[in-house]
């Protein structure tokens with residue numbers, strides 16, 4: 001009976017774990033061998049999940065992937081170059097044209113293709129080139145006046161645009177530069193995609209609303225909308241620089 005005594009709330013002592021004691025002794029021996037305290041030895045031997053240098057490298061890669069600073073800087077430099085394309089280097093004299101040129105893109109196009117094209121239609125320019133209207137509107141003398149190819153080239157597009165109605169585009173090679181002319185608000189088109197056309201060739205008839213007079217600010221009136229582009233889908237260049245006065 002004496003051996004069956006139950007001690008309430010008191011746990012019997014556990015025998016020391018010989019294996020854990022051996023591990024502690026091993027760590028002490030290693031620490032002593034390296035001449036440092038046990039706590040410092042343990043902290044030095046603990047390995048982090050990710051190295052600090054690796055983390056910095058990963059962050060740099062993420063920044064380059066999402067932000068791409070090289071492309072950003074190239075675009076900024078190109079904008080500066082275009083902005084400082086001055087009227088003197090382009091030999092421009094038309095009143096008010098300088099304001100349009102300095103804000104336009106495509107310095108090389110202006111430099112190499114200046115005064116190489118003829119006017120695409122006979123009539124007055126009623127709406128000039130600017131940021132909101134990247135082309136010019138030419139109010140023809142009468143409805144369905146002739147529209148001319150401004151330079152030799154291949155017709156690369158014929159179709160219909162919701163904003164500009166019937167339209168076409170010509171690809172030109174001028175002084176080593178590939179450049180595109182775009183003609184819109186057409187009533188009749190005489191050429192097909194792939195045709196080679198010559199400067200001054202009649203390619204279409206002017207369109208728009210025949211019941212409205214071609215006049216200033218009358219965007220629905222009959223007129224030609226004309227653009228010059230760096231590529232098929234880019235914003236327009238200022239046509240006034242390219243057309244022979």
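The values are calculated or read from the model by the stated rules, or taken from the named source; none is laboratory data. Fair warning: this is a prediction, and the values are worked out from it, not measured in the lab. When we count neighbours, we look across all protein chains shown, and the Cβ atoms used for this are built from the backbone with ideal geometry, even at glycine.
What the table shows:
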read-out	value
Residue match in the range 106-123 (condition: under 23 Å from the mean Cα position of the chain (by Cα), under 19 Å from residue 224 (Cβ atoms) and at pLDDT below 90)	no
Conditions (1) on the phi < 0 side of the Ramachandran plot; (2) in contact with a strand residue (DSSP E or B) (Cβ under 7 Å, 6 or more places away or on another chain); number of the one not met by residue 111	(2)
Criterion violated by residue 157 - all others in (1) in the same structural domain as residue 207 (by TED's automatic domain parsing); (2) at pLDDT below 90; (3) more than 13 Å from residue 228 (Cβ to Cβ); (4) not in a loop (DSSP other than H, G, I, E, B) satisfied	(2)
Subset tally (residues that are at pLDDT below 95 and surrounded by fewer than 16 Cβ atoms within 10 Å (Cβ to Cβ)) for the range 135-154	2
Within the range 198-245, considering residues that are out of contact with any helix residue (DSSP H, G or I) (no Cβ under 6 Å at 6 or more places or on another chain), crowded, with 23+ Cβ neighbours inside 10 Å and not in a strand (DSSP E or B), the one modelled with the highest pLDDT	239
Residue 176, sole failed condition from (1) modelled with pLDDT under 90; (2) at positive phi	(1)
